[in-house]
1. If you scan segment 50-85, which residues turn out to be farther than 16 Å from Phe110 by Cβ, of a type outside the set (Val, Ile, Thr) and either in a helix (DSSP H, G or I) or in contact with a Cys (Cβ under 9 Å, 6 or more places away or on another chain) (or both)?
2. Please find, among Phe122, Phe131, Phe145, Phe113, the residue that is among the aromatic types (Phe, Trp, Tyr), assigned to a helix (DSSP H, G or I), under 18 Å from Val68 (Cβ atoms) and out of contact with any Cys (no Cβ under 6 Å at 6 or more places or on another chain).
3. Checking Ala73 against (1) under 30 Å from Tyr201 (Cβ atoms); (2) of a type in the set (A, V, I, L, M); (3) in contact (Cβ under 8 Å) with a residue 24 or more places away in the chain, which single condition isn't satisfied?
4. Determine whether segment 148-159 contains at least one residue that is over 17 Å from Gly103 (Cβ atoms) and assigned to a helix (DSSP H, G or I).
5. Could you list, ordered by first residue, the pairs with Cβ atoms under 8 Å in which the first is in segment 216-239 and assigned to a loop (DSSP other than H, G, I, E, B) and the second is of a type in the set (Phe, Trp, Tyr), at least 6 apart or interchain?
6. For the structure I just gave you, tell me whether Ala40 is surrounded by 10 or more Cβ atoms within 10 Å (Cβ to Cβ), modelled with pLDDT under 90 and of a type outside the set (Ser, Thr, Tyr).
7. Please name all residue pairs, on different chains or six or more residues apart, with Cβ atoms under 8 Å, provided the first residue is in segment 114-141 and is of a type in the set (S, T, N, Q) and the second residue is assigned to a loop (DSSP other than H, G, I, E, B) and buried (at least 18 other Cβ atoms within 10 Å of the Cβ).
8. Since Ala183 meets every condition but one in (1) under 15 Å from Gly95 (Cα atoms); (2) small (Gly, Ala, Ser); (3) buried (at least 17 other Cβ atoms within 10 Å of the Cβ), which condition does it not meet?
Amino acid sequence: MNVKINMRKTKKLIPRGAECSSAEIRTKKSVSLQLDQGNACVRKETIMKNSKTYRLVVTAMLIAIATVLNQFAVVQLPVGGGVTIFSQVPIIALGVIFGPSWGLFSGFVFSLFQILFGLSNFSYVKGALSFVVLVLFDYVIPYTFLGFGDIFKGSFKNRSVELTLGTILVCFVRFLCHFISGATIWADWANGNSLDAILIYSLTYNGSYMLPETIITVIGILALNKFLFPRLDENGVLK
């Protein structure tokens with residue numbers, strides 16, 4: 001038995017409310033999707049703001065720790081320099097945690113604090129050129145470059161080797177800067193006026209504290225690499 005269905009009559013049997021409900025459902029889904037996307041953007045912006053705030057807080061804290069540690073040297077030499085307990089570690093750590101650019105910025109800020117606490121050294125030098133050499137080679141360049149301690153990241157399979165070599169490199173750069181200033185603006189402290197006497201003086205003076213300082217810093221960075229760095233995410237937050 002064949003049954004013919006009148007499509008017009010069937011269409012009339014579908015309530016108008018049902019059609020509206022389908023349209024409303026599509027609209028609600030669209031609005032819900034837009035709200036979810038909006039909430040995701042808000043959450044992302046909040047995370048980014050919190051990340052920046054967190055980075056600034058951690059940076060300020062570690063620079064403060066480095067500054068305090070640098071003021072309490074175990075061995076203090078007469079015209080600057082000394083052996084400290086891990087004073088370089090916080091600055092190198094900032095470069096490891098937040099990247100080399102941020103590390104250099106942190107090192108530069110740290111160098112400004114060192115200038116502030118070392119203003120008495122400026123009384124020993126005379127002339128504009130000597131002031132420039134003192135600022136650049138005893139403070140700005142060596143301390144800023146500490147933030148470059150993770151320069152060998154990705155160069156070796158062993159992370160400890162990368163950090164050890166990076167730490168040795170930045171410490172050597174610091175020694176080289178102090179050696180240059182020692183052979184120029186601090187040359188009057190040498191035992192003799194000959195070039196050899198001046199170079200030997202600068203080498204022994206600056207090497208006497210930079211060698212143990214380098215060893216101590218390497219130990220501190222390797223300790224952080226074992227107990228802290230692997231537990232941090234890409235934003236420097238504990239996992």
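The values are calculated or read from the model by the stated rules, or taken from the named source; none is laboratory data. Owing to the predicted nature of the structure, the values given are computational and were not obtained by experimental measurement. We place every Cβ from the backbone using ideal geometry, glycine too, and count neighbours over all the protein chains shown.
1. Asn50, Ser51, Lys52, Tyr54
2. On the way: Phe122 fails: under 18 Å from Val68 (Cβ atoms); Phe131 fails: under 18 Å from Val68 (Cβ atoms); Phe145 fails: under 18 Å from Val68 (Cβ atoms).
Exactly one of Phe122, Phe131, Phe145, Phe113 is among the aromatic types (Phe, Trp, Tyr), assigned to a helix (DSSP H, G or I), under 18 Å from Val68 (Cβ atoms) and out of contact with any Cys (no Cβ under 6 Å at 6 or more places or on another chain), namely Phe113.
3. Status for Ala73: all satisfied but (3).
4. Taking segment 148-159 as the starting set, the residues that turn out to be over 17 Å from Gly103 (Cβ atoms) are 156-158.
Retained after the next criterion (residues that are assigned to a helix (DSSP H, G or I)): none.
The answer is no; no qualifying residue exists.
5. Matching pairs, first to second residue: Asn235/Tyr54; Gly236/Tyr54; Gly236/Phe98; Val237/Tyr54.
6. Working: surrounded by 10 or more Cβ atoms within 10 Å (Cβ to Cβ): yes; modelled with pLDDT under 90: yes; of a type outside the set (Ser, Thr, Tyr): yes.
The answer is yes for Ala40.
7. Going by the 8 Å Cβ cut-off, the qualifying pairs are Asn121/Gly80; Ser130/Ile185.
8. (1)
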